[in-house]
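Down below is the structure, laid out as structure tokens.
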Amino acid sequence: MTQSFRLESGGLINRDKKISFKFNGKNYYGYEGDTLASALIANGVHLIGRSFKYHRPRGFFGAGVDEPYAIVQLYRNGETEPNIKATEQELFEGLEAKSVNCWPSVNFDVGAINNFLKIFLPAGFYYKTFMWPKSFWYKIYEPFIRRAAGLGTASIKHDKERYEHKYEYCDVLITGSGPSGLASAYSAAKNGAKVILAEDKSRFGGTLLTSEVNIGNQSGKEWADSIISELKEMPNVTVKNRSQVFGYYDHNMLVMSERISDHLPKTKKYHPKQRLWYIRAKEVLISSGSIERPIVFGNNDTPGVMLSSAAKEYMKVYGVLVGKKPLIFTNNDSGYETAIEFKKNGVDPIILDTRKEPQSEIIEEAKNMNINIKNSYVVVAAQGYKKVKSADIAKISDDKEELGSVENIKCDCICVSGFWTPTIHLASQSGNKTKFNEEIDAFVPDISKQNEKTLGAANGIYTLEETLKDSFEKGNLLSKKITNNENKVSFPNVVEKKSTVHDKFWCVPLPKGKNYKRFLDFQNDVAVSDIEIALKEGYRSIEHVKRYTTLGMATDQGKTSNLNGLQLVSKIENKVVPAVGHTTFRPPYSPVSIGAIVGREVGKHSKPTRKSPMHSWHEKNNAVFVDAGVWLRPRYYKCGDENLFEASKREAKNVRTNVGVCDVTTLGKIDIKGPDAAELLNRVYTNAWLKLPVGKARYGVMLREDGIVMDDGTTTRISENHYHMTTTTAQAANVLSHLEYYLQLVWPELNVNVVSTTEQWAGAAIAGPKSREVLKKLFPKSDVTNEGLPFMGYMEGDLFGVKAKIFRISFSGELAYEVNVESDYGYFMWEKIIEAGEEFGIQPYGTEALSNLRIEMGHVAGSELDGRTIPYDNSLEGLLSKKKDFIGKRSLSRKAFAAEDRQKIVGVVPLDKKTSIPEGSHLVKDSNAPLPNPKLGYISASCWSVEYDNPFSLAILKDGKNMIGEKLFVMSPLKNKVIPVEIVSSHYVDPKGERVRS
Amino acid sequence: MLHIKCPHCGMRSQNEFSYGGDATVKRPELGKEISDQDWDNFVYNRKSLRGKHWELWQHLSGCRQWIKVQRDTATHEIFKTLKANEEIS
Ligand SMILES: [Zn+2]
């Protein structure tokens, strides 16, 4: 295809580099420096998609971030991405894009039938139409909305691209590189401030690229180029293009997304696709400029109707004509600049100006060029379905209420200018309340809440000279305050054409007998009639009108629609616009990819992976790992083709009959030192701690203030004022914070220090009737007999030259020990244990066997201490001291916690001794009772008892104390299971605890 | 993201801290008789103030100290930070 709308010369594109791309399956060419939009327009393509609700044909409306329509699905390097603005997507070789919101194709769209069934989709259609009947939801409404809604399809593949996060500090952050951004950055940089200048587009300069001005005897673009190259040379300045500051958060933190590779066919090796910057700035200068406002008229969403500034930008930056028979519809002088540009490129435009007899330098120039100007004229409606073919125009009365006779003139595009709206999104996000400026009919920032100032057009200043003066000065003042350094820049001579006042006209009345749709919000298909309905139905608050009609919602955030919506509400309500107020602007200003937000925190990088020093041994010995919090722990060691069930049974059985060894490095460990250490333990644990002798361990339970069990574990008195506390793997961090809280805030008088030593020690549990034999071989010099190291005893030992801590504690319920050595010796210790245990049949066991062993012993763990149970529920009431107070004690006397029929832990065995009981199942009295069947309790943990060779579970059961021997049913609706069971003691194996003491 | 001045470490980002609730709540002394109502007030009942509020934060990924922060709950402005042992004035 030829680029028949490309000008012979001009623009900032590189005509030496032709680029091929595909749109909706068709091949096209563009040039380096094009956007997808400019390249398509160069090829005469104006139909780019279908609208959200009515599936009306959609073209291009803007030339940048303000684009509400031209959203495509992009295909790049084997990946697909939705919600891409064609006006922002730079062209690269091999780019492929497709239309969204159309089915089966953009040219023939079934959904467009909605357009003729408007009654089906009035304002508030989400709320009204899809309310009833309920049965319609699944079959009709939901599939309909699914197909109709959305701005593309998210990829379901894993994203191979890399995204990064960066944290940065600066003195002054400047958002936008137009005249105000450049001037303020320059003066701030000259004063030595650390400056970040961010530009959303690929080219710096903003409006200087498209306006006919002169600064210091240079064209606007030349001046911008020279400032940028000077700034880039300065070590205190960071200049970033393709970088959108999209959010202004608390304490002057702003977030910026930098598109590093989106404009390339493929991300370069070692480069990220995008980078998200978290910038903490001392001062923020918002120089985001302004966006041209549309004028509302009939069928104003037809492809070919676009902002006049966009038409000018396509000519000046891309050398592209948006049409060859342009109609310019304007209420201010900006439309004339576009018309002049058309004329300069050999195209004859017609200007319709709503004003009666405007006079200015620019208008004079247009007249001198013999441009056809019709004053007091409006476009009544655009005609043409997939592209503008003509326009119905009419003269309008001075009071702007009456239309003259309608005539039809041929045209292929309508360039609209309804004056300018400052881009106040960032200022508003920062908490700035904003005020209405009557002169420009728009909101501008008011009093700053954070350290933010708005410059230039974003602040409603529309002349270049004033903008530059103000920006040089603000940049200078703010940076001087920070750096105490002044290096004033001399103000350049500025030449610009003077313009005259605009007309406050914004909406063309409907001609008699016509009912054209006049759109306010182009992205969400919100028309004048929708707002009228909403107000008729009683919606008043602008926030409610917004939600009811979807005006200004979604990715567009009302960039072009906001003010016209307010104008309409204020007109109908007979209120002034400031009394209506504007809706809240929310970040992001423009869509940000999920990948950029997530950054590198994906997959295994989402949290650190912690491994014990023995990890590589486990790997070598066929361990199958499981995530235990942030740790990786062996779940079981696979022998041959064993499965989890078989392996864990074998391992647990071996502990009960011979001896096993388990890696318990992950247990939380806290070192407690100081003369008041015992007192601290006595206050945070429920049992007594003041008389624990040196060399002894004790099991303790900790509560929260509300009486709920927080954690359990053993603590050992190593020496007079030194204790070694262990916590569960999951609660280690919380317990440390808990202790620090009480020590620092509640009992600062206690002389105690606590520090986490979890990583400092590697731990191995040696459990089973033959464990003492293994220990004897490991520590031949120590007396590890039952007398020398009794149950709950502690000693230090010499493990072939390595200092070790030996604790006689047991989780498995067997005779057992835990040996700790410094982490670096963990692997050595483990190998020695395996070596010494070989003759006794030692086998490593994983967390699954560990669970089996503790469950059949009735030892509680995380599944019982789940943040909902008190000590009584876990049969730990024997550990509650009556003699002393402790954290949480007072709560235990609350009525529900002291109830006679309080829930309690029990054992559960299936009557058939065969059927495994799913964890999380409910216990009920009658499995056939009508729903909702009263629930008596729930299964907290299940295992296969290796002792009795049948399934066994623990449950928390209402009135569990009196339920032993009862027959109940376990119900699992999820697994569709009903199992008759008997309630037994939770201490299923060795209820007297003889083995641990043997 | 808030910027909190830890009295021990200086200005740090919010993600280094964890929130710890109302700093004006005093834990009843251990071993002292207390009515159900007073105990419930200590454990559960908190005012949800709009405006200046003294609250606890722990500098978890820093010095691990609990600190007191006076913050406006509506605007997030932080007026003052104190060490754990400094009295709120
Ligand atoms: Zn700190």
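Laboratory data are not the source of any read-out in this text; all were calculated from the coordinates shown. Bear in mind the structure is a predicted one, so any value in this text is a computation, not a measurement. Here the Cβ positions follow ideal geometry from the backbone for every residue, glycine too, while neighbour counts run over all protein chains shown.
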* Rh by Kirkwood over Cα pairs, then Stokes-Einstein D for the stretch A:505-601 at 1.567 mPa s and 4 °C, µm²/s -> 89
* Structure fact -> The FRET efficiency for A:Lys781 and A:Asp824, from their Cβ-Cβ distance with R0 = 30 Å and rounded to 0.05, is 0.85
* Structure fact -> Mean separation of Cα contacts under 8 Å (at least 6 apart) over the residue count of the stretch A:638-751, i.e. the relative contact order in percent, is 25
* Asked: Considering the Cα trace of the stretch A:356-481, what is its radius of gyration and what is Dmax, both in angstroms?
  -> 20.4, 62
* Structure fact -> In whole Hz, the Karplus estimates of ³J(HN,Hα) for the stretch A:419-435 (6.51, -1.76, 1.60; θ = phi - 60°; x where Gly or Pro) are 6, 10, 10, x, 7, 9, 3, 5, 4, 5, 4, 6, x, 5, 6, 6, 9
* Asked: Going toward the positive end of the dipole of the stretch A:292-356, with +1 on Lys and Arg Cβ and -1 on Asp and Glu Cβ, which of A:Pro303, A:Asn331, A:Phe342 do you reach last?
  -> A:Phe342
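Rounded to a whole number of µm²/s, how large is the Stokes-Einstein D of the stretch A:607-756 at 4 °C and 1.567 mPa s, given Rh as the Kirkwood radius over C-alpha pairs? All intermediate terms of the calculation are to be shown ahead of the outcome.
Numbers: Rh = 17.5 Å.
It diffuses with D of about 74 µm²/s by this estimate.
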* Asked: Based on Cα positions only, what radius of gyration and what Dmax would you give for the stretch A:897-998, in angstroms?
  -> 13.9, 51
* Mind giving me the nanometre distance, one decimal, between the label points for A:Gln218 and A:Lys410, set 7 Å out from Cα along Cα→Cβ? => 4.6
* Structure fact -> If the label point sits 7 Å along Cα→Cβ of B:Lys52, residues of the stretch A:423-450 with amide N under 16 Å come out as none
* Enclosed volume per residue, in Å³, of the convex hull spanned by Cα atoms of the stretch B:37-89 -> 116
* **Whole-Hz couplings from phi, Karplus 6.51/-1.76/1.60, listed for the stretch A:907-916; x for Gly and Pro** => x, 10, 10, x, 4, 7, 6, 10, 6, 6
* Asked: Using only the Cα atoms of the protein assembly as shown, what do you get for the radius of gyration and for Dmax, in Å?
  -> 37.0, 114
* How big is the gap, in Å, between the Cα center of the stretch A:786-844 and the Cα center of the stretch A:572-648? -> 35
* Structure fact -> If A:Glu679, A:Glu93 are placed from fewest to most neighbouring beta carbons inside 10 Å, the sequence is A:Glu93, A:Glu679
* To do: For every helix of n ≥ 4 consecutive DSSP H residues, a contribution of -39,500 (n - 2.57) applies; sum these over the protein assembly as shown, divide by its total residues, and give [θ] at 222 nm rounded to the nearest 500 deg cm²/dmol.
  => -5500 deg cm²/dmol
* Over all directions, average the projected area of the Cα convex hull of chain B and note it in nm². => 6.6
* Asked: Ordered by residue, what ³J(HN,Hα) values in Hz, to whole numbers, does the stretch A:450-455 give under the Karplus form 6.51 cos²θ - 1.76 cosθ + 1.60, where θ = phi - 60° and Gly and Pro are x?
  -> 10, 7, 9, 9, 10, 10
* **Cβ-derived FRET efficiency at R0 60 Å, A:Ser616 paired with A:Glu537, nearest 0.05** => 0.30
* Under the classification rounded if a/c is under 1.5, otherwise prolate if a/b is larger than b/c and oblate if not, where does the stretch A:294-418 fall, given a ≥ b ≥ c as square roots of the Cα gyration tensor eigenvalues? -> oblate
* Asked: What is the spin-label model distance, in nm, from A:Glu646 to A:Val489 if the labels are put 7 Å beyond Cα along the C-beta direction?
  -> 7.7
* Quick one: in the stretch A:668-853, what % of C-alpha pairs are over 19 Å apart? -> 60
* Structure fact -> Cα pairs beyond 26 Å in the stretch A:202-322, in percent, come to 41
* Given H placed 1.01 Å from N in the peptide plane, which residues other than close sequence neighbours of A:Trp761 have an amide H under 5 Å from its amide H? -> A:Ser823
* Structure fact -> Mean shadow area (nm²) of the C-alpha convex hull around the stretch A:720-818 is 7.8
* For A:Tyr31, residues with placed amide H under 5 Å, excluding near neighbours -> A:Ile19
* So, counting K/R as plus one and D/E as minus one, what does the shell of residues with Cβ under 13 Å around A:Cys170 add up to? -> +2
* To do: Sticking with the crude label model, points 7 Å out along Cα→Cβ, report the distance from A:Lys22 to A:Ile447 in nm, one decimal please.
  => 5.9
* FRET E, pair A:Lys604, A:Lys266, Förster distance 22 Å, beta-carbon r, rounded to 0.05 -> 0.35
* Which ordering of A:Asp262, A:Asp353, A:Asp866 is given by a fewest-first count of other beta-carbon atoms within 10 Å? -> A:Asp866, A:Asp262, A:Asp353
* Structure fact -> Mean projected area (nm²) from the convex hull of Cα positions in the stretch A:1-72 is 5.2
* Net length gained if the chain between A:Glu919 and A:Lys160 were fully extended (0.36 nm per residue, minus Cα distance) -> 269.5 nm
